[in-house]
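Everything on this sheet refers to the single structure shown next.
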Amino acid sequence: MGFFPIFLNLTGRRCLVVGGGSVAAGKARQLLESNAEVLVIAPAAVAEISALREEGRIRHEAREFLPEDISDYALVIAATDNEQVNKQVSEIAKGKNIPVNVVDNPELCSFIMPSIINRDPVQVAVSTGGASPVLARLLRAKLETLIPAAYGRLAEVMRDFRARVKTRFPDVGERRRFWEDTLQGPVAEMLFAGRETAALNALERELTKESVPGRKTGEVYLVGGGPGDPDLLTFRALRLMQQADVVLYDRLVAPAVVALVRKEAEKIYVGKQRDSHTAPQAELNELLITLAKQGKRVLRLKGGDPFIFGRGGEEIEELAASGIPFQVVPGITAASGCASYAGIPLTHRDHAQSCVFVTGHLKDGRLDFNWPALIQPKQTIAIYMGVKGIDVLRRNLLEQGMRADTPAAIIQQGTTPGQKVHTGTVDTLAEIVSTRQIKPPSMIIIGNVVKLHEKLSWYAGPT
Ligand code: SAH
């Protein structure tokens, strides 16, 4: 990162703007919004600057800039259309260690000004490090639509209550939880809906309640982390990842997804070896319950969708039996993610009217399918965990009458930068696995839709 992002307190501080055009006027105005004391030096000034001067909000000296003008200012902005002057301002200011910004000339700047999304007192600053102001503006426009206008009011209310909340909840953990509940609960919703009095009353009630919230029972979020690309997370998944106290994740969750978990959250890796499911699973269920009973918000992060070959059902069965509140957040399952990123539609009017998801995990060396139901014309088969038992799968499919030339694909590390798509036929599947280095996790897709890959393939990963 080339620039160090900070917010400066300029209240009552002297700031200098050299230049009298409309850009200079804009900068003067921005400085005024931060309560700075602004002096504009320029022989001629646009009407906006004269107006500000007449209102007594800024001072304006109508003359050329002189080197000795740069004295003890908190910051200096050069916005003249004279390159020489701009350069001079920059050099003198830098020589005196005064932060200086030269409009549209990053090389002469010691600081740059970000694009701002303003929900005073909340400010979101966007910077591209001077690389592309247009990109910064586009990003800003996006963020503007995402952040409710009432966020500013929400922040003000929270500020007014801060000291009282601190006295009421001296424990940092309790206090954080109180604020999280407030900011994400009914109080915030009421403020957003314009019901300010109701919101303030509700907040007041929470603060004066007799009982200490203390050790509440925690809750568990069973969250689908999707197949790998973090962009495929749901908004809710991300929100809960940002408010969890503990996160339990396993081998299948992509590191790029785990990286989005709140930094302060405790992260517990519960990766398990493929063939030793049973014992750790019971321990894991137990751990979820223990943590929740300690009053924590426990997020169980799973690859793909928690209810598709993820044992998510088993994990929450025990929670339900123990009376611990939980919620389940769906994720994009591997079949869907891999198929999309490989350009293989799972259904298609001409090629497939149905699609079945199966697990290729062997039980005692066998695959126990209803084979006639599986091998149907115009049906796509998506096989999870199928690589290890690929020989058994191929043999069974052929023995049960599937055409040897049925198109098939193996998608390795789908939706991630490591994605590779190998295509062939049911007959050549096993050979693909033995001759190419197929890395887990991999998904097998069988059916005529695989033929479309050549035409519809679009994802190349980062270049
Ligand atoms: N709950 C998960 C599936 C768990 S089973 C889901 O809904 O996706 C684990 C299997 O999923 C792996 O053996 C592999 O077959 C498949 N899988 C998961 N992520 C994958 C990915 N990014 N690319 C290819 N296959 C994947």
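Only the coordinates and a few stated rules stand behind these numbers; no lab work does. Keep in mind the model is a prediction, meaning the values are calculated, not measured. Cβ coordinates were reconstructed from backbone atoms using ideal geometry, including for glycine residues, and neighbour counts include every protein chain displayed.
Some points to look at:
- The simple spin-label model puts a point 7 Å past each Cα toward its Cβ; for Arg164 and Ser322 those points are separated by 3.7 nm.
- When each of Cys15, Cys338, Cys109 is scored by the number of other beta-carbon atoms lying within 10 Å, the sequence from fewest to most is Cys109, Cys15, Cys338.
- Maximal additional length on extending the Glu83-Glu283 stretch stands at 65.0 nm, based on 0.36 nm per residue less the C-alpha distance.
- The charge dipole of segment 125-201, taken about its Cα centre with unit charges on the Cβ atoms of Lys, Arg (+1), Asp and Glu (-1) only, comes to about 200 debye.
- Paired Rg and Dmax values of segment 335-456, which use every Cα atom, in angstrom: 13.0, 40
- Segment 120-230: radius of gyration and largest Cα-Cα distance (Dmax), Å: 18.1, 55
- Between helix 196-208 and the chain: long-axis angle, C-alpha atoms, 0 to 90°, nearest 10: 70
- Using a Förster distance of 22 Å, the FRET efficiency for Gln437-Leu238 (Cβ separation, nearest 0.05): 0.10
- Relative contact order (%) - segment 336-463, alpha-carbon pairs under 8 angstrom, separation at least six: 34
- Length gained on full extension, Glu399 to Arg311: 28.6 nm, using 0.36 nm per residue less the C-alpha separation.
- Computed extension gain for Ala193 through Val122, at 0.36 nm per residue and net of the alpha carbon distance, reaches 23.7 nm.
- Rounded to 10°, Cα long-axis angle of helix 278-293 versus longest principal axis of the chain: 40
- Long pairs among Lys142/Lys296; Lys302/Lys378; Lys263/Lys296, criterion Cα-Cα beyond 27 Å: Lys142/Lys296; Lys302/Lys378
- Label point distance in nm, Lys209-Arg175, each placed 7 Å from Cα along Cα→Cβ: 1.9
- Spatially proximal aspartates and glutamates relative to Lys451 (Cα-Cα < 18 Å; intrachain offsets below 8 disregarded): Asp350, Asp405, Asp427
- Using a simple spin-label model with pseudo-atoms 7 Å out from Cα toward Cβ, Leu200 and Asn9 lie 2.7 nm apart.
- Backbone amide hydrogens, once placed in the peptide plane, bring Cys355 within less than 5 Å of Thr380, excluding anything fewer than 5 places away on its chain.
- Amide hydrogen neighbours beyond the local backbone of Phe326, cut-off 5 Å, H modeled: Val220
- Efficiency of FRET from Cβ geometry, Glu266 and Thr145, R₀ 30 Å, rounded to 0.05: 0.30
- Beta bridge orientation in the chain: antiparallel %, DSSP, nearest 5: 35
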